[in-house]
Each structure stands twice: as C-alpha cells, then as structure tokens.
1. Once you place label points 7 Å from the Cα toward the Cβ at B:E113 and A:R178, how far apart are they in nm?
2. Note down, for the stretch A:130-257, the three equivalent ellipsoid semi-axes (square root of 5 times each alpha carbon gyration tensor eigenvalue), biggest first, whole angstrom.
3. Using only Cα atoms and rounding to the nearest 10 degrees, what angle (0 to 90) does helix A:226-236 make with the longest principal axis of chain A?
4. Within the stretch B:129-165, whose backbone N sits under 13 Å from a point 7 Å along Cα→Cβ of B:Q326?
5. Apply 1/(1 + (r/R0)^6) to the Cβ-Cβ distance of B:N6 and A:R470, taking R0 = 56 Å, and write down the FRET efficiency to the nearest 0.05.
6. What 222 nm value per residue comes from the helices of the protein assembly as shown, counting each DSSP H run with n ≥ 4 as -39,500 (n - 2.57) and dividing by all residues, nearest 500 deg cm²/dmol?
7. Taking the simple approach of a point 7 Å from Cα along Cα-to-Cβ for both B:I237 and A:D239, what is their distance in nm?
8. Using only the alpha-carbon atoms, how far is helix B:130-143 inclined from the longest principal axis of chain B? Give it as 0 to 90 degrees, nearest 10.
Amino acid sequence: MIAKANTYTLIGLSGIPVSVEVDVNNGLPAFEIVGLADTAVKEAKERVRSAIKNSGKVMPTKRITANLAPADVKKEGSALDLALAVGLLKSSAQLVCDLEGVIFLGELSLDGSLRRINGVLPIIISAIEQGYKKFVLPKDNALEASFVSGATVYPAQSLNEVVEHLSGIKPISPLELRDYSSLTQNIVYDSDMSLVKGQAVAKRALEIAVAGGHNVLFVGAPGTGKTMLAKCLPTIMPDMTFEEALETTKIHSVCGYVKDTDGILYTRPFRSPHHTASTVSITGGGTHVKPGEISLAHNGVLFLDEMPEYNRATLEALRQPLEDGVITVSRASGTVTYPANVMLCGSMNPCPCGNLGSPDKVCTCTPAQITKYKSKISGPLLDRIDIQVEVDSVKYSELTEVQSAETSQTIRARVNKVRAIQRERFKDEKILTNSAMGERQIIKYCKLSQECESVLKSAYERLHLSPRARSRVIKVARTIADMAGSADIRPEHVLEAVSYRKY
Amino acid sequence: MIKYSNAELVLIWLDSFVGLEYKHKLALFDNLKNCTGIKDFLQKSKDYISSTIGEKEYSTILASANQEYLTFLLENLDKKGIIAVTQFSKDYPKRLMETEIPPLILYAKGNLELLDSECFAIVGSRKSLPSSIAIAKDYAKTLCSHFTIVTGIAEGVDSAVIEQTLFSEGRVISVNAGGFDNVYPKRNQALFDKVVEKGLVLSEYPPETFAQPFMFPVRNRIIAGLSKGVLIANGEIKSGTRYTAEYGFEYGKDVFAIPYGVGVASGAGCNDLIKRGANLTDSPKDILDFYSVKETPEREELSPEEKQVLSALLDGEKHVEKLCLQLKKQTFEILPVLSVLEIKGYVVKSGNVYGLCRKITEEQCN
C-alpha cells in the first residue's frame, strides 16, 4: 500500500512542499530513498529503522521504496525523518489514520525521540500561505511557531507520541498562540547608554545615526570605548515591530540560532563578525546557500570592529546590500535572496599605531602606512557611511564631573519621534529614513537656504571636504533638523553635520 | 627651445652625471667659464677627472662626450618644460649665489619670475599635530600677500602651506629634493602639478633622479638660501626642519620659531631653536612687524556665542565635553559654533579636542 506524508524543505527562506510517498513491496529486504535527496536525507533510513524498532513498532523485512516528490528539487537536512517514519508505518499498516493536510517536521533520534530542526518558522509561514494548517513539530522547536496565527501546532517529543496522537489514542493539545507585545515590554539589554561615561559627542552622533538610519564609523585609538558605544546601538533603536521580528527570526531560524525559550527574536540583532571572516560568511553562500552575517543582522546592527583589518573584497561585497537592503547569492545549486537591511557600524584606529593626532603620544607610522591603512576602506564604501565620529578617551578626573547620563530608554523615545516624522515625509516614497534618500529626494526634501549654501561652501573650502561628502552632510543635516523639530534645514544643522566628518 | 650659452651647455652636460660629486664639479667650474664646447672642456679637465674619479668613471663620461647626448639632454628638458637655471644665467637668484654652496644648476618648472621676488620660507615636519598645520596655514595666509612663500613638498606642514598659499592666490616656490619625474611623496603629485601651474618648483637634480635620504637636508640649504627669513612651524629635536634653521643661521637669515609647551615632542625642536637665538613668534603679525610691513587687520565679526567659546579656549585646548560643562551647554549647541570657528580659522579640531590656532586677545572675546 502506498502512503503519503507531507513535509517541507527550505530553499533560502521559502519553504517547498515535499510529499513523501512510501511503498512496501515484496522482494529482497531493502530501504531505498529516491528523489534528489542529500546525504542527511539518505542517512535518514538508518535513523528511521532504529527509531521504529525502538518505539516498539516493526520495521517490515520487505523492499521499501520512499519517493520524495517533486523529484527535481534538492531536499536537504534531517527534517524529513518524521514524515518518512510516519509514511512507513502507515504503508505497513501499523498506523491507521488520514495523513492528508498535516505537515510533519522533525529529526528522529535512534531511540525514537524527536530532535530540533532548523528553519521551522520560514517553513510554517510558507506552508500557511500555501493552505496548510496542521503541523506536527519537535517540542524543542515548537515555540518558534507559536506566534504565527492560523497554524495549529502539535508539539511532540517522540515518534510514539505522534503515532498515539494520529491514531486518536492520546491526542496532543495544540500549542497556544502567544502575544508578541507581551515580550517586548520588559526588554533588558546588557548595555545601556547611561553606562557610557563621557563621550557626549559620540553619543549625540549615535542618536543622529539611529534616528536617520545613517551608517556610522567610529575613529579612535584602542581602548577608547568604540565597541562599548556600538553595543549600545540596538538599545536606542526603535523596538522591533512584529513583522520585523518575524523576518529576522526567519533568518535566524534557518541557521538554528533561535533560542528555545523565546521562539522569536524580539531584540534587534547585533552581529560582530571577527575581521578574519571570509567574504562568504558575511554575504551568505555555501553549497546549500545559507544566510551570512549581513542577513543575520537584518533589522539590526552589523558591527565591523577594526574595519580596515577586514579583507578588502569582503568590505566591497557590502556595498550592494547596504544600498538595496537585500543580498542575492547565486550558486550552482540556485539563487537565493536574503533580506539584509542593516545599520552598519564600523570602528577603526586613526592610523596603524593608533596615536595619530594624539596630543601626548607620538605616532610612529610613516605617511605611506597611514595612507595604506585608510585606503583599505574604499571611497564608494565610505560614501555609504554618513557619519564619521572621533571617539577619544576622556581623562578619569574629567569623567567624575559628568552628571548622570541619559538612559537608552529616554533616547529611544526621542528616536521614535524622529522616525515618525520621516515616515510621514516619505509616505509616498519607497524609503523609510533620511539616509536612504537619493539625489532626487535630496533636492525635493532638503531645500537649502542661501545662508546654508554659503556655510556649506565655506566649509568645503576651509575644511577640504570631498565633493562626495556633500550629500552625506545634507542628509545628516536633515536628520538633525528633524531632531530639532525644524521643518527647514538651518545653518546650525549644517554646521553640526559638518563636525561629524573625518574624511 | 631656450638658448643656452656654451658654458651653460657644458654645465648641463656635466651635471647629468649624478655620480660625479658636487665638489668635483665645483673644482672644474673654472674650466667651464671660457670653454667652447665639451671637447674643449674635457681637454682642460682630463687630468683632474681621471686622477680623482678613476679611469672607469672617466671612460663613461668620455663615451657620452658627444653632441647627440647633449641634444638628447636638452630635448628631454624641453619636452618636460624644465628650464635649467645655471649659475651663469641672469635668472639665477642673487641671494642664493651669496651662500656657501650654491647649486650649480637650478632645474625649474613654472613661473621663473618668482626667483627674483622677496621670499619667506615656512617649513615644518611631516608628523604634525593638526594645530601645527593650522598655525602654519594661518602664517601662510597672512604672509603670502607680502612674500613669495618657499617650502618643500612633504606631507604635513609643507603641503598645507602650499595648499593655503594657492588658495589665497599667493606666490609659492616648492623646492624638491629629487628630480621632477619622481615627486616624493608620490601622493603629492597633484599638488606638485598645481604648483607648476601657479607657482614654481625647483630642484638641483636632473629630472630622472630619485630622491635619496641625504638629498633632503642638502635641499634645505636652497630653501634657506632663497629666503629672507625662515619660519620653523614645528619639528622634533631630530627633524629635517632643523637643517633649514641651521642653514638659516649660517647664512645670516632671520630665523623664526613657534613656541610649544613642555613635553610636546613635535615642537621640541622649535623650543630648542628659540633657546639658541631664533625669534619667537606666536602671530603672523610678529613677522610683518619685523619687516615693518603694514597691514590693516581685517575685522571679522564674531557672534556672542563664538566669543564665549573663544574665551573659554583662551587657557588652552579643551575637549568638547569640558567646553559643554564649562559653558553649561549641550553638545549640539556647541558643535555648530565650533564648526563656524574652524571654518573662520580660529580653532582647530584634533579628535574631539578643539584648540586655538590664532593669537586671540581678551578684548576680541568681549
């Protein structure tokens, strides 16, 4: 008898329905899996055999053929185990029930228990779009599905539980739908702006950067607190909306990074890959195209510490995703587009030895070394970093004079307001923040008075700003004006924007 | 093509042998004065050359002792737009001629008239604090309307002085250590081209020569020799700028130096010069007064906020945060004011520390 069980496999972030057809025939005992299965799926037969035996069922000593349809889609991972086992049991008449309309996901352990799998959330979201409603999932992963409305999720711990549920002996109670907003109310971050002492300029620059969605680069000697400041970035960013959280969780789910206790990512991700990271690990790729760091940081912060130390090619690969907010990775096995809407935050020393411009230490670098160090970050990449701010250590004696600093929460409240202004301004455009403005939008939304123009002109002449810095300064000035609640950009806004430049 | 006299032609020919040292060329100088051509010159100098530099070198010189090689040299100079100003030329600057070891030939590119003008040298080291650069620029800005500014072309003070002078539409001479084909540092090629266009570049070596470390201190004697006075904007105890000052002292030029605080390594050389008798200067006006040049000071209007910030900076450079605390203002109120002052050339930014780069009196702040 042929039995059919439904399951899913993932290509990128979209789930593809897979129908597992199992047939038990007479003949020499064998277990064949056909239908473009990868190694993990081929190995499933050993897991399924032991799991069935150790669950007190019988593995038929007959010729068993399992077909994974459609046969032209490459199936990967161990999530198909459960569907294979259930199909086999039904085909050998050890299970009598209707398997139609139920999606089975889960990896089997040899003792018959179910283990967690990667990519539950994107699969469920795709399956619901395609009309499926019932899911049987490993209990360890089930929380990921608990925020998706319209899904009836049965969390199971072993093959036996699944069998008893399907045959109606001991039905599993479906998972309750959880409310996202309850999670976001009491977010506790490890970092907080109030813990950063001094650094008023850098903090102000960070607030502007977050408010306008600008990428930011910290320039400063080692040990001045660049990393600490960067870690505060997510704490002042607006709370993630449910849609944003789902999108980000989908990507983390594919890599298996979602915490079992939460089931969803409700804080903005902060990814800081080491500078030895390969280009593929940042952009995404591999034989089975997996998301890279830039996608894992989607809706959050990608922090590149010691930016000039990164491979040049790796940095250049960031240019397109920074512009478009998505990254398309093409491999022989297929082309996948992952979202990559990140705020880039970089840090670097002023020169290789770190002492350039320091009043009390001597820089030992040659001019050629400094030029080489700075040229690691190319002009086109710098063009995408609107704010470059210097971070320098303040003496301890001066630190104690500083009054208690603002908390991240206070700053976040202000940021939310500025973001609202931008949403209103760009409601007819495809962009959300000031940083995303193109030349046409700059002309439309950033009208400069005569006075501003002359300030900008003299700043160019005196301070040797590069021509490409112009639109950056204007965009930042627009955000500063928004923060001040001013409809027009005034000279002081331009002047402040000018002070956040290094190159 | 420029017309050179016979003696000049032979000198250009002789100077193309970089291996032949200055002292040898100088020893042969008398033979040059009234020779009719290369052959004639060699006839007279044969004994000296072969006895001092050896047969082997002599044979290479001998092999090039023909009209073709000379024509090649001249065409090469002409193609590159270089004029060889020899000691026989009327264009050769007299002040330089009066020094102890004047170059035999000044290879020049640009506006030759500048050689005859009143010159003032501003030099500094490559490793300069932003404040030193700003100060040097302030001097260049004021002095360039009265003098031709002479400097090198290195990064730091030298190139900043050139940029400022060109920006203020002043006259500038940049003396290079190596030949014009090999501008050092390479990244200043664009700046070099600008000087050629609007000022004058000089070198005592033929265009193909690469700059070697020993050429830099030797080059500084030209900077000092050309100028009436020399300003040392900054420099460590062991810095190339010292040579310029030493030559300045030696040639009886007016040496000026900017004072630095105790422990500022990049200014220790200046303080040392002041100890040894250089004129202390902390404002471009000092130099104008020294030469009795009258200038009507331009009055720049300052807003009350700007005055407030300037007076807060009177007792030394300060971190933005300290300024905020002192003036009881927010960062975003202070930063625009500092930017304005930076644009107007009153303060200089080094990281988030701002300091004055111009002499300010308390009256100006009230």
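Every read-out reported here was derived from the displayed coordinates using simple, explicitly stated rules and does not represent laboratory data. Note that the structure is a prediction, hence the values are computed from the model and not measured. Every residue, glycine among them, receives a Cβ derived from its backbone with ideal geometry; neighbour counts consider all protein chains shown.
1. About 8.3 nm separates the two model spin labels.
2. 44, 14, 13
3. For helix A:226-236, the angle is close to 70 degrees.
4. none
5. Working: r = 58 Å, r/R0 = 1.03.
About 0.45, to the nearest 0.05.
6. The per-residue figure over the protein assembly as shown is -12000 deg cm²/dmol.
7. Distance between the two pseudo-spin positions: 6.3 nm.
8. The angle comes out at about 70 degrees.
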